[in-house]
Amino acid sequence: MQAKPRTVLLDSDVFIGLFVKTDAHHGRVQQLLTAFAQTHSTQITTTNLVVTETATMLSRRHYQEVACRFLRYLRTADFAIVHITPELQRAAEDLFLSIHTENVSVVDCANVAAVQAGKSDALFSFDRFYSRFPLHLIGGNN
């Protein structure tokens, strides 16, 4: 059993699950984020690329108002935003170039690069893509 993470990086699908009540992961996301908040010992983080991707997806699929609510939430919540540096961007691109399957996102690769670089102890996502990497994963479908 892995130790409880001190920091957890959230992927876009987690934010979609949080803000879209009809999303399949809505209940699980609320449950896990509530658990993190109650312990006060786990710092929630995400990347600037996830913020951009999530706001865009919410705006296109679920209305601009939902995307604006998401951005306002991040401004008021206690989230650390990891900014993807040129070095992390290069690592993400290298990882992306090394994968020869469909449906791979550069943003997902940047999340992997950020966790591997020690920017977070764990990754919270429901995306099966991450299961191919030796990361501490939280979610359920990994």
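The values are calculated or read from the model by the stated rules, or taken from the named source; none is laboratory data. Since this is a predicted model, take the numbers as computed values, not measurements. No Cβ is skipped: glycine too gets one built from the backbone with ideal geometry, and neighbour counts run over all protein chains shown.
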- line: Here the qualifying pairs (Cβ atoms under 8 Å; residues six or more apart or on different chains; first in the range 72-87 and touching a residue at least 60 places away in the same chain (Cβ under 8 Å); second part of a loop (DSSP other than H, G, I, E, B)) come out as Val82/Lys119; Val82/Ser120
query: Within the range 92-142, restricting attention to residues that are of a type in the set (Ser, Thr, Tyr) and surrounded by 15 or more Cβ atoms within 10 Å (Cβ to Cβ), which residue is farthest from Gln43 (Cα to Cα)?
result: Ser105
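Yes/no matrix, rows are residues, columns are (1) at pLDDT 90 or above; (2) surrounded by fewer than 22 Cβ atoms within 10 Å (Cβ to Cβ); (3) more than 19 Å from Ser125 (Cβ to Cβ); (4) under 15 Å from the mean Cα position of the chain (by Cα):
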{"residue": "Lys21", "(1), (2), (3), (4)": "yes, yes, yes, no"}
{"residue": "Ala24", "(1), (2), (3), (4)": "yes, yes, no, no"}
{"residue": "Arg28", "(1), (2), (3), (4)": "yes, yes, no, yes"}
{"residue": "Gln31", "(1), (2), (3), (4)": "yes, yes, no, no"}
{"residue": "Ala37", "(1), (2), (3), (4)": "no, yes, no, no"}
{"residue": "Leu49", "(1), (2), (3), (4)": "yes, no, no, yes"}
{"residue": "Thr52", "(1), (2), (3), (4)": "yes, yes, no, yes"}
{"residue": "Leu58", "(1), (2), (3), (4)": "yes, no, no, yes"}
query: Limited to the range 25-49, what total is found for residues that are more than 25 Å from Gly118 (Cβ to Cβ) and touching a residue at least 40 places away in the same chain (Cβ under 8 Å)?
result: 2
task: Go through the range 1-53 and count every residue that is in a helix (DSSP H, G or I) and of a type in the set (Ser, Thr, Tyr).
output: 4
- prompt: Out of the residues in the range 60-70 that are in a helix (DSSP H, G or I) and surrounded by fewer than 16 Cβ atoms within 10 Å (Cβ to Cβ), which is modelled with the lowest pLDDT?
  reply: Arg61
